[in-house]
1. If Ile174 satisfies all but one of (1) under 19 Å from Ile109 (Cα atoms); (2) out of contact with any Lys or Arg (no Cβ under 9 Å at 6 or more places or on another chain), what's the number of the condition it fails?
2. Quick one: count up the residues across the range 105-144 that are touching a helix residue (DSSP H, G or I) at 6+ places or on another chain (Cβ under 6 Å), under 17 Å from Ala19 (Cβ atoms) and of a type in the set (Val, Ile, Thr).
3. Can you work out which of the residues in the range 30-77 that are among the basic types (Lys, Arg) and over 25 Å from Ser130 (Cα atoms) is surrounded by the most Cβ atoms within 10 Å (Cβ to Cβ)?
4. Within the range 133-174, which residues are under 23 Å from Lys42 (Cα atoms), of a type in the set (A, V, I, L, M, F, W, C) and surrounded by fewer than 21 Cβ atoms within 10 Å (Cβ to Cβ)?
5. Considering only the range 39-82, state which residues are of a type in the set (Ser, Thr, Tyr) and modelled with pLDDT under 95.
Amino acid sequence: MTKIKSTTVLAVKHNGGIAIGADGQATMGNTVAKSNVKKIRKLQEGKIVTGFAGSTADAFTLLERFDEKLNAYGGNMKRAAIELAKDWRMDRYLRRLESMLIVADKEDILILSGTGDVLEPDNGIAAIGSGSMYAQAAAQALVKHAPELDSYKIVEESLKIAADICIYTNSNLIIERIS
């Protein structure tokens, strides 16, 4: 069976705010399976926002585990991310999951992967998925050349650029600000 995959998720920390967004396209092989998938989820009453790329079912499993870790560690996003990454790498079931996550709170953005990585981007820009390099490059250019824009607008414009270039990314965007 072909897995549903490919997407673009982007998070930007800029001008005192953080926004995270994703396109809505899911593909099966070289066919668009759905054009309005919601890949952005709020946790902890909106204090933490996540985005996922990869297998949808795998991502939901990871999001549930991440939420459990958040509850276990009093909403401490970094601690929960590290503990999830440990489990993801060591657990026989979890390590087979094919997905990546971006998680963000009002202060930080992290990328989580199945290889045990918990990465905090140096420049306040994190991207995952097939269109990630396009969105990340656009976001870096906008931060540098249009510094007056807020994080939401940078995410929006960058995802639109990625959608124009990447065939696995569409322009049905969901973007959330971190409260």
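1. (2)
2. Total meeting the criteria: 1.
3. Here the residue is Lys69.
4. Leu173, Ile174
5. So the first thing to find is which residues in the range 39-82 are of a type in the set (Ser, Thr, Tyr), and the list is 50, 55-56, 61, 73.
Correct list: Ser55, Thr56, Thr61.
The values are calculated or read from the model by the stated rules, or taken from the named source; none is laboratory data. Predicted, not measured: the structure shown is a model, and the values here were computed from it. We place every Cβ from the backbone using ideal geometry, glycine too, and count neighbours over all the protein chains shown.
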